[in-house]
Amino acid sequence: MEIPTDLIYKYFSEITFSKGDYLLRAGEIEKYLYYIESGMVRIFHYDFRKDKETTVDFIFPNQFCLSYESFRDCTPSLLELQAISDVRAYRIDKQLLDTLMKQETFLLVKSQIMEELFVQKARKEIQFLTQSPEEIYKQLIEKEPILVQKLPLKYIASYIGITPQALSRIRRRIVTE
């Protein structure tokens, strides 16, 4: 999708996050739609009963980011959004977006953004149904090689659904290929 950058710069406000900062914590209501210009964001769920984090997604530059259900329904988020590198982003407040959506021009923009978010989700689901953890890891490296090198192995392993030890074995196999 061609990102409507003129609209982003006009209606979104620039914001930066340092590595480790949270864009959203579980239990908070998502108030913003973000467009990530540089850096990476990790979306994850923390199960306090098991003291376990599960990485749901990584957001790379030129992608939109939010806890969609919380944003749409104004309910507390089950997910956390955290900068895993320094991030420069643009965000728009839900109230302003809702006001803009009353104008026909913006309905098209909203549908493009939602379509892009849907396509990202669908691709990920298909990937996890049809590919091995090794293939998923290789594609992640191909997509964002420099950024992926900066990710902690435990985040990548959690995202793929394997242990860090299994990921280390995959990485060793790839290096020897």
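The values are calculated or read from the model by the stated rules, or taken from the named source; none is laboratory data. For clarity, every value in this text was computed on a predicted model and none was experimentally measured. Positions of Cβ are generated from backbone atoms using ideal geometry, with glycine treated the same way; all protein chains shown enter the neighbour counts. Each accessible area value is taken on the protein alone, full model and side chains, heavy atoms only, with ligands, DNA and RNA left out. Shrake-Rupley method; radii C 1.70, N 1.55, O 1.52, S 1.80 Å.
Using R0 = 25 Å, the C-beta based FRET efficiency linking GLN103 and SER13 works out to 0.85.
Per residue, the accessible area of region 1-52 comes to 60 Å² when a 1.4 Å probe rolls over the protein heavy atoms. When TYR159, TYR34, TYR22 are compared by accessible area at a 1.4 angstrom probe, the order from most to least is TYR22, TYR159, TYR34.
Between the C-alpha center of region 13-71 and that of region 121-157 there is a gap of 17 Å.
Arranged from highest to lowest average of other beta-carbon atoms within 10 Å per residue, in what order do the peptides 162-174, 122-134 appear? Present the calculation step by step, with values, prior to reporting the outcome.
Numbers: 162-174: 13.7, 122-134: 12.0.
Final packing ranking: 162-174, 122-134.
Calculated from the alpha-carbon coordinates, region 27-177 shows an Rg and a Dmax of 16.9, 56 Å respectively.
In the chain, taking the dipole from charged Cβ atoms about the Cα centre, the farthest positive-side position among PHE118, ILE43, LEU167 is held by LEU167.
Taking the Cα centre of region 100-177 as origin, sum charge times position over the Cβ atoms of Lys and Arg (+1) and Asp and Glu (-1), and report the length of that vector in debye to the nearest 20.
340 debye
The mean accessible area for residues of region 136-177, using a 1.4 Å probe and ignoring ligands and nucleic acids, is 64 Å² per residue. Using just its DSSP H runs of length 4 or more, each adding -39500 (n - 2.57), the chain gives a mean residue ellipticity at 222 nm of -14000 deg cm²/dmol after division by all residues.
Rounded to the nearest 20, the Cβ-based charge dipole of region 9-78 about its Cα centre (Lys and Arg +1, Asp and Glu -1) stands at 60 debye. Out of PRO76, GLN139, LEU96, whose Cα points farthest toward the positive end of the dipole of the chain (charges: +1 Lys, Arg; -1 Asp, Glu; placed on Cβ)? Of PRO76, GLN139, LEU96, it is GLN139. Taking 8 Å as the Cα distance limit and 6 or more residues as the minimum spacing, I'd like the relative contact order of region 34-177 as a percentage. Relative contact order comes out at 24 percent. Packing, as the average of other Cβ atoms within 10 Å across residues, places the peptides 23-30, 46-53 in the order 23-30, 46-53, highest first.
Per-atom-type breakdown for the chain gives carbon and sulfur 52% of the accessible area (1.4 Å probe, protein chains only). Beyond 19 Å, what share of the Cα-Cα pairs of region 10-100 remains, rounded to the nearest whole percent? When every Cα pair of region 10-100 is considered, 37 percent fall beyond 19 Å.
Charging the Cβ of each Asp and Glu at -1 and of each Lys and Arg at +1, and nothing else, the dipole of region 1-153 about its Cα centre rounds to 180 debye.
Could you tell me which of the pairs LYS10/LYS94; LYS52/LYS138; LYS52/LYS143; LYS31/LYS154 are separated by over 19 angstrom between their Cα atoms in the structure shown?
Working: LYS10/LYS94 15 Å; LYS52/LYS138 25 Å; LYS52/LYS143 27 Å; LYS31/LYS154 29 Å.
From the list (LYS10/LYS94; LYS52/LYS138; LYS52/LYS143; LYS31/LYS154), the Cα-Cα distance tops 19 Å for LYS52/LYS138; LYS52/LYS143; LYS31/LYS154.
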